[in-house]
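Coordinate-derived values only; no laboratory data. All of these numbers come straight from a predicted model, not from anything done at the bench. Reconstructed Cβ throughout: ideal geometry from the backbone, glycine too, with neighbour counts over all protein chains shown.
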Amino acid sequence: MATTFALSVVTPEHEVLRCDAELVIVRGGGGEIGVMARHIPLVTSIEPSILQIKKADGDDRLAITGGFLEVRGDAVTVLARTAERAEDIDKNRALEAKERAEARLAERHGEIDEARAKVALARALVRLQLVEEQAHSAV
């Protein structure tokens with residue numbers, strides 16, 4: 001009985017990760033979703049969150065800023081707006097983006113600006129969360 005499945009994480013720019021995984025956990029529109037081998041077919045939206053990937057040779061974590069997850073047969077595809085490893089995130093830039101988004105939300109200049117600021121804030125927060133988790137696990 002197979003205990004792994006093929007996982008592919010792609011963004012509009014490139015394929016970020018391709019591996020055999022034992023478990024994938026991510027936040028979907030209805031809450032956290034865990035996928036293991038032989039999961040039923042599924043397509044769902046994913047929220048900005050940390051994509052947790054359990055593999056035989058260790059775990060991976062990616063900051064995902066939304067997109068879709070598709071489970072089909074023995075393959076799982078994450079189609080993400082962005083997907084970044086902790087080492088690829090500039091913490092200072094993420095902090096600045098968070099501050100800019102919070103300032104824009106405080107100003108409230110229309111629905112479109114507010115929606116964009118909320119998306120920017122969610123992205124900055126998930127990026128900072130991953131960087132902080134990585135720093136704590138390295139200690």
Exercise. Give the long-range amide H neighbours of Thr82: residues separated by 5 or more places, or on another chain, with amide H under 5 Å away, using H modelled in the peptide plane at 1.01 Å from N.
Key: Thr65, Gly66
Exercise. Starting from the Cα of Arg85, step 7 Å along the direction of its Cβ; do the same at Ile25; then give the gap between the two resulting points in nm.
Key: 2.1
Quiz item: Counting Lys and Arg as +1 and Asp and Glu as -1, each charge on the Cβ, what is the dipole of region 90-137 about the Cα centre in debye, to the nearest 20?
Solution: 100
Exercise. Note the angle between two axes, namely the Cα long axis of helix 111-137 and the longest principal axis of the Cα atoms of the chain, as a number of degrees from 0 to 90, rounded to the nearest 10.
Key: 60
Quiz item: When Lys and Arg each count +1 and Asp and Glu each count -1, what net charge do the other residues less than 13 Å away from Glu114, Cβ to Cβ, add up to?
Solution: 0
Quiz prompt | Burial order of peptide ranges 3-9, 52-58 (average beta-carbon count within 10 Å, highest first) | solution = 3-9, 52-58
Quiz item: For the chain, modelled as a Gaussian network with Cα springs under 10 Å, which listed residue fluctuates most, Val76, Val24, Val119?
Solution: Val119
Quiz prompt | Inter-part distance where region 84-111 and region 24-58 are each reduced to a Cα centre, Å | solution = 25
Self-check item: Residues of region 11-34 with amide N under 17 Å of a point placed 7 Å along Cα→Cβ from Lys54
Solution: 20-27, 32-34
Practice problem: Pick out which of Leu79, Leu23, Leu42 has the largest mean-square fluctuation in a Gaussian network model of the chain, springs linking Cα atoms closer than 10 Å. | Solution: Leu42
Exercise. Could you size up the charge dipole of region 22-64 around its Cα centre, putting +1 on the beta carbon of Lys and Arg and -1 on that of Asp and Glu, and report it in debye to the nearest 20?
Key: 80
Quiz item: Under unit Cβ charges (Lys, Arg +1; Asp, Glu -1), what dipole magnitude, rounded to 20 debye, does region 8-139 have relative to its Cα centre?
Solution: 220
Quiz prompt | Sequence-distant residues sharing a close amide H with Leu17 (under 5 Å, placed H) | solution = Val9
Exercise. Name the most mobile residue of Ala115, Ala94, Ala63, meaning the one with the largest mean-square fluctuation, in a Gaussian network model of the chain with Cα contacts below 10 Å.
Key: Ala115
Quiz item: Cα-based Rg (one decimal) and Dmax (whole number) for region 5-84, in Å?
Solution: 11.0, 30
Exercise. Mind pulling the angle between the C-alpha long axis of helix 91-107 and the longest principal axis of the chain? Nearest 10 degrees, somewhere in 0 to 90.
Key: 60
Quiz item: Percent antiparallel among DSSP beta bridges with both residues in the chain, to the nearest 5?
Solution: 90
